[in-house]
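Shown next, in structure tokens, is the structure this report addresses.
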Amino acid sequence: IEIYSMKIDSKVTSRFAHNVITSRAVNRGSEHKEVFFDVELPKTAFITNFSMTIDGVTYPGTIKEKEVAKKQYEKAVSKGQTAGLVKASGRKTEKFTVSVNVAAASKVTFELTYEELLKRQFGKYEMFIKVKPKQLVKDFEIEVNIFEPQGITELEAEGTFITNELQNTIKKTFSGEKGHISFKPTLDQQRTCSNCSQSALDGDFTVRYDVKRITPDNLQIVNGYFVHFFAPTNLPKLPKNVIFVIDISGSMSGRGIEQTREALLKILDDIKEEDFFNFILFGSEVHTWKETLIQATPENLDEARKFVRGIDTEGLTNLHGGLMKGIDMLNAGHEGNLVPERSASIIIMLTDGHPNAGISNTEEIQTHVKKAIEGKYPLYNLGFGYGIDYNFLEKMALENKGLARRIYPDSDAALQLQGFYDEVSNPMLMDVELNYPENEISDLTKNNFKHFYDGSEIVVAGRFIDQHQNSLTVNVRGEGANDVLSYTTQQDAEQTAKAFQEQEYIFGDYIERLWAYLTIEQLLEKRIAAAGEEKENLTAEALDLSLKYKFVTPLTSMVVTKPEDNNNQDGIADKPLEGT
């Protein structure tokens, strides 16, 4: 089987990426053979389309409600006639695999399309492409076209597999609103050595860029939908109060606790003098470093380092006791004016197991925590390894305006912990609200945010009640380090149209699809923390949009039918979840 062409084509319009992977293969053998199409795509993306074309006949994938697809194929599944096509793989990716038996001399073309909204982190948008053709490919190409109406200020591309020789094959240009990257190595450049038949293309290809920010935000209006990007720069940083709640139960012993100590020591080097902090450790018992939040003076930091170096493991997992102690301490800090009035509070909890001392019923823990925090600050839950109840950690974090993240138990676990801290270490604004005229907008994504962190971006999208409306006024408000940030901004559709005269770059309904992507993502998040009728309504709404816009989400499946000859089995593509 020869894969003679593989193309990865990405078009990014205002942070929204539309990616098409096309692979062409031919059976050079004398009998029918199985051809594999095997790609990895980002977990944050939704598959929107897939097709196979065999000798000119196309077999499209169809997106259906998950339950319907399951019922339809239950019999076939039990007979072993279908295959699941998507598996979670790696930290950032999921693997999509389809195989089909084709006759001798037959050609097959696979085409997979997926979309995602690129998130801004540490001042850059990042697009991640996994490259692994597994053989030399005569015609291999990655092409990325970026169109940003605000203008592009920097653009970089790098690959973990890029040698000095391959470096020259990455072509990159940008000016004004357009950026272009192409990577097109010849057959000889793909070889691991001059006469090897092995491919050197194996790893991650990453594109990063940022846009011009003359004003704190950018509003775009197209075809009855709008998107609002908000990322102010040059604001003074808010002082922060951070409590680290650390699991020191027996299962953390060895490498786990070593990496935790290493990460905390690095974090202590980063804490600023105006910040307040404390450590709470929970095993069977709960231990605190200090009784109250402590300012990060050089002397206190030295003492904290000694404390961290001495952290060791013991006993069971009294997660409830540790977390409640942290919340009580933050509440006391605010009530007793021990911390600056204008300061952002954060709780970061790290655990590697299930609660099994003190209160161990997870629903009870969630109720207590939510009642104690009362929406005053975010809770970030970091789950170390695979022995955790990820769904519980995620639900509890989302209910308290935070998020959950898995820390992979690899050699770089300390860097992962530190990396997460870096994301939330520079709050610039609190209680950010972006308000739009209620009588003009029908479906608005989330528009209030507890914290805005330096280097990130807030994105709000919505649908106009009157599809022909072509202007919008927004009121923005947030609490800054010294005062309130408050202003009004306006945009009309003509300004957007002017910015988008380069029609070749645009897939016309990109704002509508961006709105649908963001809405589905947020409905699915809300659904995690919901119950009863509310959960049913959120599910119905997310399912409706997933089907309308043809996204493979946790509520939909894509059914891939294949030609009936040559023992082919149909397949079902589902979206894997982090918690399973």
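The table for this structure:
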{"item": "Residues within the range 408-446 that are more than 17 Å from residue 244 (Cα to Cα) and over 19 Å from the mean Cα position of the chain (by Cα), tallied", "result": "21"}
{"item": "Boolean, residue 192 is closer than 30 Å to residue 486 by Cβ, hydroxyl-bearing (Ser, Thr, Tyr) and modelled with pLDDT of 90 or more", "result": "no"}
{"item": "Total residues in the range 146-160, condition part of a loop (DSSP other than H, G, I, E, B) and open to solvent by 20 Å² or more (accessible area, probe 1.4 Å)", "result": "3"}
{"item": "Single residue of 199, 194, 175 found to be open to solvent by 10 Å² or more (accessible area, probe 1.4 Å) and closer than 21 Å to residue 25 by Cα", "result": "199"}
{"item": "Subset tally (residues that are part of a helix (DSSP H, G or I) and crowded, with 16+ Cβ neighbours inside 10 Å) for the range 312-350", "result": "14"}
{"item": "Matching residues, the range 253-266, being touching a Ser or Thr at 6+ places or on another chain (Cβ under 7 Å) and either at pLDDT below 95 or under 25 Å from residue 333 (Cα atoms) (or both)", "result": "253"}
{"item": "The range 180-208, residues that are part of a strand (DSSP E or B) and either within 23 Å of residue 139 (Cα to Cα) or in the same structural domain as residue 435 (by the TED database) (or both)", "result": "180, 181, 182, 183, 191, 199, 203, 204, 205, 206, 207"}
{"item": "Within the range 556-571, considering residues that are open to solvent by less than 20 Å² (accessible area, probe 1.4 Å) and of a type outside the set (S, T, N, Q), the one farthest from residue 517 (Cα to Cα)", "result": "563"}
{"item": "Meets criteria (under 23 Å from residue 88 (Cα atoms), assigned to a loop (DSSP other than H, G, I, E, B) and either in the same structural domain as residue 321 (by the TED database) or open to solvent by 40 Å² or more (accessible area, probe 1.4 Å) (or both)) for residue 353", "result": "yes"}
{"item": "In the range 440-460, the residues that are more than 13 Å from residue 227 (Cα to Cα), modelled with pLDDT of 95 or more and of a type in the set (S, T, N, Q)", "result": "448, 456"}
{"item": "Residue 574 vs. criteria within 22 Å of residue 115 (Cα to Cα), of a type in the set (Asp, Glu), touching a strand residue (DSSP E or B) at 6+ places or on another chain (Cβ under 9 Å) and surrounded by 15 or more Cβ atoms within 10 Å (Cβ to Cβ)", "result": "yes"}
{"item": "Whichever residue in the range 95-112 is open to solvent by 10 Å² or more (accessible area, probe 1.4 Å) and part of a strand (DSSP E or B) and, among such residues, is nearest to residue 41 (Cα to Cα)", "result": "95"}
{"item": "Strands (runs of 3 or more DSSP E) enclosed by the range 358-474 - at least 2 residues per element that are open to solvent by 40 Å² or more (accessible area, probe 1.4 Å) and over 30 Å from residue 287 (Cβ atoms)", "result": "427-435, 441-444"}
{"item": "Flag for residue 44 being part of a strand (DSSP E or B), touching a residue at least 40 places away in the same chain (Cβ under 8 Å) and under 32 Å from the mean Cα position of the chain (by Cα)", "result": "no"}
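The values are calculated or read from the model by the stated rules, or taken from the named source; none is laboratory data. In this text the structure is predicted, and so the values were computed from the model without any measurement. For neighbour counting, all protein chains shown are included, and Cβ atoms are generated from backbone atoms with ideal geometry for every residue, glycine included. The protein model used for the area step is the full one, side chains on, heavy atoms only, and it has no ligands, DNA or RNA in it. Shrake-Rupley method; radii C 1.70, N 1.55, O 1.52, S 1.80 Å.
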